[in-house]
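A short write-up of the structure that comes next.
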Amino acid sequence: MSHLSALDGQLNELLASTGVVLFYLLIWALVFAGTAVFLGVFIPFITGDSLLFGSGLVAASTPSLSIAVLAVGTGIAAFLGDQVGFLLGRHYGRSYLDRHGGRRTRTAITKTEAFYRKYGWWSVVVARFMPWGRVFVPVVAGVGRMNYYKFLTSNLVGALAWGVGLTLTGYYAAAIPGVKNAAYVIAGVFITASIIFGVRTLLADRAQNRLDARSALIDDPSTS
């Protein structure tokens, strides 16, 4: 609850300092970058559920913000982000994934591959609500040569359910008491999971990179 209140305040400050148009663009850019450029690996709580829910809360209390424009734009940004991830995976292959992050991230990629093989079309939809899934599943689907039109439809459904759905949930949570309580609980679960995963991944990758650097020095003393 305190995290959501703080985020609501920060987003309101952002809106006041940037204006409506730039606010839209910044929200959409963060949603897009969350999957398209792997930003969501390290800061999923900024590019993911909390951002969508919080932007909906701000729209409910700001007449100059159109919830329709915000929600539709967020859905489009989410859709395009996954499309870019899919095309990167298809074009560059498994080696592209291996170059990103330390051993902990590669473990998450391996888990994502198993998740994708098990659920196929549905994995792209369900992954939207999983911090590690929404980052890696589109790329893994591309690496796995998923049929393009199947990915297109699953990506569209996921973008509508997550991008548009969570933004609208935040919006209506600010106005309807019954929805507000349930929405805060649901959003809190997703946001907490996002924060934990993001921090653990960042710390683990840094530690693994240090270990890899030490191992390289031990294996090749001439480099020191």
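Values for this structure:
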| read-out | value |
| --- | --- |
| Members of segment 140-177 that are polar (S, T, N, Q), under 21 Å from the mean Cα position of the chain (by Cα) and under 22 Å from residue 119 (Cβ atoms) | 153, 154, 155 |
| Residues that are on the phi < 0 side of the Ramachandran plot, basic (Lys, Arg) and at pLDDT below 85, drawn from segment 129-160 | 134 |
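Here is a yes/no grid of residues against (1) modelled with pLDDT under 70; (2) more than 14 Å from residue 136 (Cα to Cα):
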residue	(1), (2)
1	yes, yes
6	yes, yes
17	no, yes
31	no, yes
35	no, no
52	no, yes
86	no, no
103	yes, yes
110	no, no
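Results for (1) surrounded by 15 or more Cβ atoms within 10 Å (Cβ to Cβ); (2) farther than 27 Å from residue 22 by Cβ, shown as yes or no for each residue.
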| site | (1), (2) |
| --- | --- |
| 74 | yes, no |
| 83 | yes, no |
| 86 | yes, yes |
| 94 | no, yes |
| 117 | no, yes |
| 134 | yes, no |
| 141 | yes, yes |
| 146 | yes, yes |
| 149 | no, yes |
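The values are calculated or read from the model by the stated rules, or taken from the named source; none is laboratory data. It should be emphasised that the depicted structure is a prediction, and the values quoted were computed from it without experimental measurement. Every residue, glycine as well, gets a Cβ built from its backbone with ideal geometry; the counts of neighbours run over all protein chains shown.
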